[in-house]
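Note sheet for the following structure.
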Amino acid sequence: MNFLKRAWLWFDDRTGLSGAIGPIAKHAVPPNTATWFYVFGSATLFTFMLQVATGVTLAFIYVPSSGEAYQSLQYITTQTTFGRIVRGMHNWGASAMILLVGIHMIQVYLTAAYKFPREMNWISGVVLLALTVVMGFTGQVVRWDQTAVWSTIVAAEQAGRVPLVGGWLADFILGGDTVGGTTLSRMYAYHVFLIPALLFVFIGFHLYLVIKNGISEFPRAGDPVDPATYREKYEAMVKKKGIPFWPDAAWKDMVFGFIVICTILVIAIVIGPPELGPPPNPSDIHALPVPDWYFVFYFAFLALMPPEIETYLMVFGPLLVGLLLFCLPFISNRGERSPIRRPWAVAIVALTIATISGLWAIGITSPWSPNFDAKPLTAEIIGADSGPLWRGGMNFNDKGCLYCHTVSGHGGQRGPDLTYVGDRLNANELTWRIMNGGLNMPGFGGTLNNQELSDLVEFLSSRKKK
Amino acid sequence: MSEKTQTSDCTRRQFFMHVSIALGSIAAVLVGIPIVGSILAPIIKKPEPEWRAVGALESFSVGGGYVKVDYVNTSPLPWAGVTAQSAAWLRRESEDKFIAFSVNCAHLGCPVRWIEGAKLFMCPCHGGVYYEDGSVAAGPPPRGLYQYPVRVNNGQVEILASPIPITTV
């Protein structure tokens, strides 16, 4: 017997570790769970471990001070050994974790694994989802650039709409009544201490419940859950046909986890971390704070909801979604589990994915935002380089029309495309519309003098199909 | 087992249990007060608004458009760096009358831009638009831009540095 083996036997004798962990690792699981369908929960756990490791590494260098964090991020990205890759992994790891949490949740919902006796597995999972989302948001804030500052203000304004306590919540988020020295320290404390501590607790609880209740077998149509008999049936099945989790089922988790982690590493090396925006100066108003991709659908939701009811949607919408998710196992904890027998569940998932994708697609182009970078109309597009037509075209450029309206591919998308507006509206209608505005257009009656107005109308009337 | 010390409705064992739980709870509450109080401090303690000079009176021409003025916010901490900066849109209406608007959109706080040619404030985030008097021209804002107090003091134009305006219900 060599030295290492003797040392291990001594250690195991004094600690009893193999006796404590071995049976858990090798506990019997239903054979139909040892498939590639069951790898997403463990992959989420692996990305969480990556986030802890890369996060701790970043904390070795990052300075959580409102005035200096930006410089320390630049330092991490450009000057430290491997700093760029570590920041990249932390960023793309966050993306991967959000994605995997989403997939894991959809798969659990579709196969109704939340039903008896796994209600608490689902509820602890909902808490973990919420914590992961908060980590995503606070993570974007501690990337302390211009977008981070304005995102914090937008978050505070949303919290401000909560009835009665809104003002307090907003001050709590900002760390005072304005962005400043207190803001980042607090966000940092949430991001690296408070939320991670809760994540550790709930991940531990979640995993404990997976062992305690056994991993949910893949559902068969016509085999409903009956709380009176389920546990007995499950135990008998696992006793008879079960296979050891480690390594018979776990090897697939390891293979998929390996692919996920390596993919994150490759993306971090090839693409790197997201570019830092301009410095976090709240007086620099040339900002367009768009959140990271996984919040873009919510960004679009905030822009598109009807203003009359937006306070309710903003405050009670997320609360209602959270409450529904929380209550799901109490709404139905028995009966069919197979998605084939649960068409409504399939429809809800399809509808949710379609809604989020739709909002996401429209959020990327943000057609409701004025296009401040629009290219001015050229003499070629206007069709003249002097005279009323030319002056009208220049007015279109200079009086703000261009930011919201497109002519021949130049301009914003907020209002209708005016490339052929001359075919739709006559001079009187154009004049009326420009003077009074309407729908979502400001009236320009107080801005334009008669000459400017008639030139502009002449220009717009000339926008016709050849 | 000796349960001889039993009184009418409380055993020795129950007594130890209650004492232990009570001691733990009391200790938690005692240390909890300063901890929670410290974390909630920003919503309890408010800094006083302060006047900040933003430029000499003669540097603003009567009847010009809005200009962005920068100043230091109400609670500049030594480590705040650029985050202590704040801004407002300022216009000289007449010889001695100024008007100042918050740069924060009344919808969700994004920074509005003054578009001189259009005489409009436009918000890049969700498309809020305001007329030059600060009233809503288009988009989702539930109210007009917030106004800040302005005064002229010793030939200096001063703005009352105020909190970020939060639209509440």
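Throughout, read-outs are computed from the coordinates displayed, never taken from laboratory work. Computed from a predicted model, the values in this text were never measured in an experiment. Backbone-built Cβ (ideal geometry, glycine too); neighbour counts: all protein chains shown.
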message: Given a Förster distance of 56 Å, report the FRET efficiency between A:Trp10 and A:Phe316 from their Cβ-Cβ distance, rounded to the nearest 0.05.
response: 0.40
task: For A:Lys233, go through the aspartates and glutamates and keep the ones whose alpha-carbon is under 14 Å away, minus same-chain ones fewer than eight residues off.
output: A:Glu217, A:Asp223
query: How much length, in nm to one decimal, is gained on full extension between A:Ile85 and A:Trp246, taken as 0.36 nm per residue of separation minus their Cα-Cα distance?
result: 54.7 nm
message: Run the numbers for A:Lys464 and A:Ile381: contour at 0.36 nm per residue of separation, minus the present Cα-Cα distance, in nm.
response: 28.7 nm
Nearest-ten-degree value, helix B:12-44 long axis tilted from longest Cα axis of chain B: 10 degrees
Diffusion constant of segment A:33-365 at 25 °C, which comes from Stokes-Einstein with the Kirkwood Cα-pair radius and 0.890 mPa s, µm²/s: 113 µm²/s
- prompt: Across 5 Å bins from 0, what is the distribution of all Cα-Cα pair distances for segment A:360-466, in whole percents?
  reply: 3, 13, 23, 27, 20, 9, 4, 1, 0
field: Reachable lysines, given that their alpha-carbon falls under 21 Å from the alpha-carbon of A:Lys239 and they are not under 8 places away in the same chain
entry: A:Lys26, A:Lys212
- prompt: Taking a quarter of the surface of the Cα convex hull of segment A:304-367, what do you get in nm²?
  reply: 5.8 nm²
field: Share of pairwise Cα separations in segment B:50-161, more than 18 Å, in percent
entry: 50 percent
statement: The aspartates and glutamates whose Cα lies under 20 Å from the Cα of A:Lys5, excluding any fewer than 8 residues away in the same chain, are A:Asp13
field: Sparse-neighbour loop sites [trypsin sites (Lys or Arg not before Pro); segment A:166-226; at most 16 other C-beta within 10 Å; DSSP]
entry: A:Arg220
message: Run through segment B:24-95 and list the GluC sites (Glu not before Pro) located in a DSSP loop whose Cβ has at most 15 other Cβ atoms within 10 Å.
response: B:Glu93, B:Glu95
- prompt: In terms of modelled amide H atoms, which long-range or inter-chain residues lie less than 5 Å from the amide H of A:Ala374?
  reply: none
- request: At q = 0.09 Å⁻¹, work out log10 I(q)/I(0) for segment A:230-362 with the Debye formula, treating every Cα as an identical point scatterer and leaving solvent out; two decimals please.
  value: -0.58
message: Using Cβ counts within 10 Å as a stand-in for footprinting exposure, how do A:Met1, A:Met49 rank, fewest first?
response: A:Met1, A:Met49
- line: re segment A:22-117: pairs of Cα atoms spaced beyond 19 Å account for a percent value of 58 percent
field: Kyte-Doolittle mean at least 1.6, axial Cα span of 27 Å or more - DSSP H helices of chain A
entry: A:250-270, A:310-331, A:343-365
query: Mind listing P(r) for the protein assembly as shown? All alpha-carbon pairs, 10 Å bins, whole percents.
result: 3, 12, 19, 21, 18, 13, 7, 4, 2, 1, 0, 0
task: Two decimals is fine: what is log10 I(q)/I(0) at q = 0.16, 0.20 Å⁻¹ for segment B:126-169, from a Debye sum with one equal scatterer on every Cα and no solvent?
output: -0.57, -0.76
field: B:Ala161 long-range amide H proximity, modeled H, under 5 Å
entry: B:Glu50, B:Trp51, B:Arg52
query: Do any chymotrypsin sites (Phe, Trp or Tyr not before Pro) in segment A:361-466 lie in a loop, going by DSSP, with at most 15 other beta-carbon atoms within 10 Å of their beta carbon, and if so which?
result: A:Phe372, A:Tyr420
statement: Result for the protein assembly as shown, cysteines with no Cys Cβ partner under 4.7 Å, is A:Cys262, A:Cys327, A:Cys401, A:Cys404, B:Cys10
Residue-averaged 222 nm ellipticity for chain A, from DSSP H runs of 4+ at -39500 (n - 2.57), nearest 500: -20000 deg cm²/dmol
